[in-house]
Amino acid sequence: MSLRPKILIVDDNISNILVIEEVLSDLDVELIRAKSGKEAIEHTKNHEFALVLMDVQMPGMDGFETVEIIREDKTNLLLPIIYITAIYNENYYRTKGIKTGAVDFITKPLIPDLFIGKVTLFVNLYKQRIILEEEVQKRKEAEEEMKLARDEAREAARAKQLFLSTMSHEIRTPLNAIVNTAKLLKEENPRPDQKEDIDILEFSAENLLHLINDILDFSKIDAGKIEFEAIEFEIRKLMNGILQSFDYQATQKEIALEFKVSQEVPDVIVGDSARLSQILINLVGNAIKFTDHGKVLVETDLLSENGKEIKLVIRVSDTGIGIPEDKLNFVFESFTQASSSTTRKYGGTGLGLAITQKLVELQGGSIEVKSEVGKGSIFSVTMPFIRSEKDHLEEDMLMKSTFHSLAGLRVMVVEDNLVNQKIVTKFLMKWEVTVDVAENGKIAVEKARNNVYDLILMDLHMPEMNGYDATLEIRKMENNPNKDLPIIALTASAFIEDREKIYTYGMSGYIIKPFNPSELYWKIAPFLRT
Ligand code: ADP
């Protein structure tokens, strides 16, 4: 506290003031004089006082009146005031004094020691109050700063999220075009030397895509943005789907790929099937990547059960290169690879296992690894699920696994990007689908009014009218069979919020761009009218 406490001495008689000043001269305080009530009121407007010493009898405005006016100012409500008076008619003065909030009465002549003692008491109280006020002020400022920092952090996280979602869209769209153009080129009988270049193109673009997906996922987990769904799914079917999706890769490398689910594991369980797939795809993908001979085996067992809660253990083992013991502890860290030659030889970012571990742990599970160089690795995931009441699910439209011909299906592709239009159209035409293209939502609605289709593939971000609004318009059409058509969103966004939005707007499903041809096929095929 830098300023000295101030005491206001109010008395019409200067010699009285001088006496008080003399008595208090040893105190470390600033004394301010007022020779009338008016002057005193003026001072209280301009200064903050620790104490007021108020003479009662003064010509014009007396001490009581002065104090009443001083108290009108709310900031002076608690200002300590001591009346100093020569006449001491106890009852009368006391009552009046207490009404105006006096803290004490002192009669003249003053007894110096007593007087100094009382004044010192109030000065100390004032000092303490100031210290407390400063403390409160500091806390308020710190709180304010914290709030500001929190708001800034929130804003930054939001901006990051927006940036990621925009970038994911912006980057995935052209990548979609590159990957799929490469696939198309390969199917058009290129010369052998061209084929090699196309392979490199495809491999690099797919790698880049993988990297972007990983980074997106990682930052989502990092931002605590990840939410898990609890849906019923058939674990054996899920395993089978993953097995099939890696079949080609395993066959190419001439390694065996086997999935086993033990009998005790229920058919239908509740959990986040999409995240489980992601976990398995990472682990099986790695196992195949780092194995050149032998086999990759995925075994699922029931570890324990407690009422409806079950714990599954899924072991992904391979007979690959293995991981050196001193690196075993680090493989789950982000951007870590077991050896620096790994990137050169196998590609990858070192994010896959970091994401996998987080996905497992955030769902209450755990993951561990055992490995021996040259012999292979075993990644074991233990995760809780809920046992469903059902022993099977209605045949899931999207899971129908028999191949249907798409020939003759009439599909409207709503897409503003020319390259994407061309790619989707080319694939669809390969399957002998009749394709009609609309460049934006508005045209799509118009076309839906006048033509007959079996299905619509709808991009979401488009000029004129976006995919959401176009879907709403189509769903509102009266007396038009197109109003109930399956509408599948083509989206570059992997964010869960966007996925939910798709269904709220009445769409039937979604395909995340860039899609691979078989994904496109499997999303469309179930809607075929059989
Ligand atoms: P990456 O994208 O590099 O595969 P991961 O986080 O998935 O990133 O894996 C980190 C590292 O762990 C890999 O680079 C590799 O060195 C090692 N690794 C992971 N799985 C296996 C496996 N099945 N066999 C041998 N090494 C593995």
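Which angle between 0 and 90 degrees, to the nearest 10, do you get for helix 418-430 versus the longest principal axis of the chain when only C-alpha atoms count?
That helix lies at roughly 40 degrees to the long axis.
Considering only protein heavy atoms and a probe of 1.4 Å, how much of the accessible area of segment 70-149 is carbon and sulfur, as a whole percent?
Of the solvent-accessible surface of segment 70-149, carbon and sulfur hold 60 percent.
Expected output is a single nm value to one decimal: the length gained when fully extending between residue 42 and residue 131, i.e. 0.36 nm times separation in residues minus the C-alpha distance. What is it?
The residue 42-residue 131 span can extend by a further 29.4 nm.
Sum -39500 (n - 2.57) across every DSSP H segment of at least 4 residues in the chain, then divide by the residue count to get the 222 nm mean residue ellipticity, nearest 500.
Here the helix-only value at 222 nm equals -16000 deg cm²/dmol.
Using the heavy atoms of the protein chains alone and a 1.4 angstrom probe, what is the accessible area of the chain per residue in square angstrom?
54 Å²
Assign unit charges at the C-beta atoms only (+1 for Lys and Arg, -1 for Asp and Glu), then state the dipole size of segment 1-133 relative to its Cα centre in Debye, rounded to the nearest 20.
300 debye
Spin-label point model (7 Å from Cα, Cβ direction): what's the residue 185 to residue 484 distance in nm?
Taking the two extended label points, one gets 4.5 nm.
What distance in nm separates the two pseudo spin-label positions at residue 304 and residue 25, each 7 Å out from Cα along the beta-carbon direction?
8.6 nm
If one takes the longest principal axis of the Cα atoms in the chain, at what angle in degrees, from 0 to 90 and to the nearest 10, does the Cα axis of helix 273-289 lie?
It is inclined by approximately 60 degrees.
What shape does segment 1-77 have by the C-alpha gyration tensor, where a ≥ b ≥ c are the square roots of the eigenvalues, rounded means a/c under 1.5, and otherwise prolate means a/b greater than b/c and oblate the rest?
It comes out oblate by the Cα gyration axes.
With the dipole of the chain worked out from charges on the C-beta (+1 for Lys and Arg, -1 for Asp and Glu) around the Cα centre, which of 369, 17, 100 lies farthest toward the positive end?
369
Round to the nearest 10 and give me the degree value, 0 to 90, for the angle of helix 441-450's Cα axis relative to the longest principal axis of the chain.
Computed tilt is about 50 degrees.
Distance check, please: which entries in 195/523; 237/289; 430/476; 311/390; 426/447; 220/422 exceed 26 angstrom between their Cα atoms?
195/523; 430/476; 220/422
So which lysines pass the test for residue 74, namely a Cα distance under 17 Å, with those fewer than 8 places away in the same chain ruled out?
Partners within reach: 45, 99.
To one decimal place, what orientation-averaged projected area in nm² is obtained for the convex hull of the Cα set of the chain?
Hull-based average projected area comes out at 43.4 nm².
The values are calculated or read from the model by the stated rules, or taken from the named source; none is laboratory data. None of these values were measured; they are calculated from a predicted model. No Cβ is skipped: glycine too gets one built from the backbone with ideal geometry, and neighbour counts run over all protein chains shown. Note: accessible area is taken over every heavy atom of the protein model, side chains too, but ligands, DNA and RNA are not part of it. Shrake-Rupley method; radii C 1.70, N 1.55, O 1.52, S 1.80 Å.
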